[in-house]
1. From the phi angles alone, apply the Karplus equation (6.51, -1.76, 1.60; θ = phi - 60°) to region 75-92 and give each ³J(HN,Hα) in whole Hz, x where the residue is Gly or Pro.
2. Run the dipole for the chain about the Cα centre, Lys and Arg Cβ at +1, Asp and Glu Cβ at -1, nothing else charged, and hand back the magnitude in debye, nearest 20.
3. Given the chain, what percent of its DSSP beta bridges are antiparallel, to the nearest 5?
4. Please rank Asp147, Asp206, fewest neighbouring Cβ atoms within 10 Å first, as an exposure proxy.
5. Through the Karplus equation 6.51 cos²θ - 1.76 cosθ + 1.60, θ set to phi - 60°, convert the phi angles of region 299-306 into ³J(HN,Hα) values in whole Hz; use x for Gly and Pro.
6. Tell me which residues come under 5 Å, amide H to amide H, from Leu187 once H is placed; ignore anything under 5 positions away on its chain.
7. How long are the three semi-axes of the equivalent ellipsoid for the chain, computed from the Cα gyration tensor as the root of 5 times each eigenvalue, in whole Å, largest first?
8. Amide H to amide H under 5 Å from Gly139: which residues, 5+ apart in sequence or cross-chain, H placed 1.01 Å off N in plane?
Amino acid sequence: MKTQTIAIIGGGPAGAMTAERLAEGWGLRNPGGSAHRVQVFEEKIGWEKPCGGGLSYKALRRYPFLEQAASGGNLLRSAEFIAPSGATMPFRLRVPLAVYSRATLNQLLLRRAEEAGAEVVAERILRLQRTNAGWEITGREKTYHADFVVLAAGARTRLRQTLAPDLSPHDFMLTYGYYLPPSSEVLRVQFFEDFEGYAWAFPRTDHVSVGICGKIGEDSMPALRNRLGDFMRNYGYLPDRRRIFSHLLPSLSVESWGNLRLAGERWALAGDAAGLVDPVTGEGICYALRSGHLLAEALLEGCPHAYPEKVRNEFGRALALGARLARTFYHGEFLGSGVTTRMIEFGARSRKFLEIIQDLIEGSKSFPGLAARLYSGLARTLVETGASRLRETVQSPCSPTPTGEGGSQAGE
Ligand SMILES: Cc1cc2nc3c(=O)[nH]c(=O)nc-3n(C[C@H](O)[C@H](O)[C@H](O)COP(=O)(O)OP(=O)(O)OC[C@H]3O[C@@H](n4cnc5c(N)ncnc54)[C@H](O)[C@@H]3O)c2cc1C
């Protein structure tokens, strides 16, 4: 096979994983190994990328090094969901959710890529231009050449326009938040009535990421900040203006999933640059890692055109279905209240229903089954709790301390 140079723009989870798997597959660690070359261009090596940093169990199971890393994520077991009404559902997670500082995670992934034999270049890439032989890549410092370009430069990259049709503002969520001193070890998520998004507090090993995301068009930035302010006041998180973050989070519309192009002649998109984020939960790290891994597999097989199909089969179709579900999840009604309100009320009463919520957090079941289970779970819980309890549920929010079946120890 002809010697190839692969240029990866962006050293986040998607780019670092592509680089590691490619370098590993080509044996670049060994001095006498293959003559292929893998370069990762990253303008902010190992930075604290704005993020919750939550890694579901699905990701930890697939990549055990993430759980085992000595300076790894904070493994959390205590969670609390808060309904728009203010009703709360404290519960114990069946399996841990790791919350990583993104600086720690990015450094870990880039180190693994380097150890496998990839070159990590501290450089901001300004322009991509096609040549007869491949690509000319203009950096701030130098110009580079490559046979194949992987764009893994995150949600805000403008370089995407060179390769594929741009996404629309409706394909993103706005986010805003703070990194605060460590507080309780409880992972909190608050939903709002008729609003596509949520506020979160994700405790890490030495600080907590507190923030909010909302689909563009739902709220202005000041309105988003006000929602977050209420959440923080209610739970005692004090804003610190010195450590604010804001960023875009992909949340592709149903149409954009239908039109998504992941690869073309000598190029491919991975992670957020491709829009590969769960439209309901906002989980993107796992899909960035998986897309990088699948892309590397396709390149190693000498068949980069197989990459989009690999993504579609493994999780793309499920995420596209998630885009259909997102509106119902955040705006839908069940028995005169929002779905998220009912989900929390019912989760506090029924062990079976709490299991559905645990599946959603773990990512252990994909959306095709989830929508049906959510609705059949709501209906079944109604029957279980009986008409009198139902009236009580409909008239008043559930008690802050769940009692009866499915209480706070339900997952144990
Ligand atoms: C506020 C917020 C909270 C989130 N919370 C979670 C969460 O809790 N769990 C979860 O799973 N997902 C979460 N996500 C999503 C997650 O952050 C992303 O899905 C994930 O980081 C995508 O990885 P990536 O490698 O594709 O992109 P990124 O992590 O964005 O990495 C892209 C890299 O490219 C570099 N880059 C960009 N342009 C250039 C250039 N021109 N030249 C060189 N380098 C460049 C950047 O510096 C960056 O390091 C959240 C997102 C946001 C915004």
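The numbers here are math on the coordinates, done by the rules we state, and not lab data. For clarity, every value in this text was computed on a predicted model and none was experimentally measured. Cβ coordinates were reconstructed from backbone atoms using ideal geometry, including for glycine residues, and neighbour counts include every protein chain displayed.
1. Rounded to whole hertz, the list is 8, 9, 10, 9, 9, 9, 9, 10, 7, x, 6, x, 4, 10, 10, x, 7, 9.
2. So the magnitude is around 80 debye.
3. Antiparallel: roughly 70 percent of the beta bridges in the chain.
4. Result, fewest neighbours first: Asp206, Asp147.
5. Per-residue couplings from phi come out as 5, 5, 7, x, 9, x, 5, 7 Hz.
6. Ser78, Ala79, Glu80
7. Equivalent-ellipsoid dimensions as semi-axes: 40, 21, 20 Å.
8. Long-range HN contacts for Gly139: Leu126, Tyr144.
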